[in-house]
Amino acid sequence: MALHEIQTPALIIDLDAMERNLDRMRQAAEPKGVRLRAHAKTHKSADIARLQMERGGACGICCQKVSEAEAMVRAGITDILVANEVRQPAKLARLAKLAERARILVCVDDPAAVGDLSAAAVAAGTTLEVLVEIDCGAGRCGIAPGEAARDLALAIDAAAGLRFSGIQAYHGRAQHLATESERRNAIAHAEALTKETVTLIAASGLECDIVGGAGTGTYPFEAASGVWNELQCGSYVFMDADYRRALGETANDGFEHALFVLTSVMSVSSGRAVADAGLKALAVDSGLPTVHGIDGVTCTGLSDEHVQFADPAGRLRINEQVRLVPGHCDPTCNLYDWYVGMRGDRVETLWPVTARGKLY
């Protein structure tokens, strides 16, 4: 099928650009001697996860939810970190059961959670690997760095059915800071807290096999730190508009836009145009999408089923296709059933969004 035959709105991938992004991240991680554990919450696709491992050098993937991990294991992915806390009993039971079929790691930030997690693993007859999540600046989940984190590591190590595997030190708020100096300073602070915690844990006789964190916005700092040994970048594979605004064209290895929402013009009038991809086709929590490859045309707003463009030069015509770069790729991907993989202007593949709707 040719590009012009695709019914819109559609979620399309420039496969050449995506493959170059995979290569860039592998080439960034390998010389630093750090592992890449690619974050699959970005794309929710087992096909892309496999490419990240086979071509992109990833040792495994991250998920955020138990059901997301289940979908990936069903599709054959067998090394998964649930980079989140899991507390509800039914979810704990499912997580422990999943460890029959794959290496499963999970985060803990509360001593009270250890007993429940242990009980679930013992009941399932499995072993869960556990990372102590510390709050290194994000102000979201995470126990206090230092002694509290060390004590939690010791409690995990002593619990039946659990194996202490290291530290989760992800600074989410740093990823989209507007300047490189702001991002560098935020990670420098996180580095000090993380290093202190790893040192205390080592002094207690435990080894941190994994010190994980980092994202597309900050990974050069974590990779060069000598503290983190596993990067959890996700958006690099697609590169959305919000990351482009924060990082510019060349920062952090110059990842390319590879994901687009393809939309078709349905109405034109003086100085403006309307196409068929609205709020049900694009997430706008991180700002409006940008128009790719058409100079002088900008997105001005979205309603449920429409996207509006300013088109002062009258470039757009009825049924003309427009590629939109989502402001935030992760929630945009969760709106679709399929990726349409393009090689040039021809469809090469269709990939299901494997974990679409897996929110629990």
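The values are calculated or read from the model by the stated rules, or taken from the named source; none is laboratory data. These figures come from a predicted structure and were not determined experimentally. Here Cβ is always computed from backbone atoms with ideal geometry, including for glycine, and neighbour counts include all displayed protein chains.
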Considering region 134-143, residues that are in contact (Cβ under 8 Å) with a residue 40 or more places away in the chain and in contact with an Asp or Glu (Cβ under 9 Å, 6 or more places away or on another chain), and then whichever is surrounded by the most Cβ atoms within 10 Å (Cβ to Cβ), we arrive at Ile134
Checking Val227 against (1) in a strand (DSSP E or B); (2) under 23 Å from Ala174 (Cβ atoms), which single condition isn't satisfied? (1)
Answer from Pro352, Pro326 - the residue that is crowded, with 17+ Cβ neighbours inside 10 Å and closer than 24 Å to Ala2 by Cα: Pro326
Checking Gly341, Gly271, Gly314 in turn, the sole residue that is small (Gly, Ala, Ser) and in contact with a Leu (Cβ under 6 Å, 6 or more places away or on another chain) turns out to be Gly341
Determine which member of the set Gly234, Gly271, Gly293 is more than 14 Å from Gly327 (Cβ to Cβ), touching a Pro at 6+ places or on another chain (Cβ under 7 Å) and not aliphatic (A, V, I, L, M). Gly271
Leu259 is checked against (1) more than 25 Å from Leu152 (Cα to Cα); (2) in the same structural domain as Glu129 (by TED's automatic domain parsing) and fails just one. What number does that condition carry? (2)
Where Phe309 falls short, out of the listed (1) aromatic (Phe, Trp, Tyr); (2) in contact (Cβ under 8 Å) with a residue 60 or more places away in the chain; (3) over 20 Å from His43 (Cβ atoms): (2)
For region 171-194, check the following and say yes or no: at least one residue is at pLDDT 95 or above, under 20 Å from Leu105 (Cβ atoms) and not in a helix (DSSP H, G or I). yes
Which of the residues spanning region 122-133 are crowded, with 24+ Cβ neighbours inside 10 Å and either more than 19 Å from the chain's Cα centre (by Cα) or assigned to a loop (DSSP other than H, G, I, E, B) (or both)? Leu128, Val130, Val132
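This table checks each residue for (1) surrounded by fewer than 20 Cβ atoms within 10 Å (Cβ to Cβ); (2) out of contact with any Leu (no Cβ under 7 Å at 6 or more places or on another chain); (3) among the aliphatic types (A, V, I, L, M).
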| position | (1), (2), (3) |
| --- | --- |
| Ala83 | no, yes, yes |
| Leu92 | no, no, yes |
| Pro145 | no, no, no |
| Leu162 | no, no, yes |
What do you reckon, is Asp79 closer than 30 Å to Asp109 by Cβ, touching a strand residue (DSSP E or B) at 6+ places or on another chain (Cβ under 8 Å), surrounded by fewer than 18 Cβ atoms within 10 Å (Cβ to Cβ) and not basic (Lys, Arg)? yes
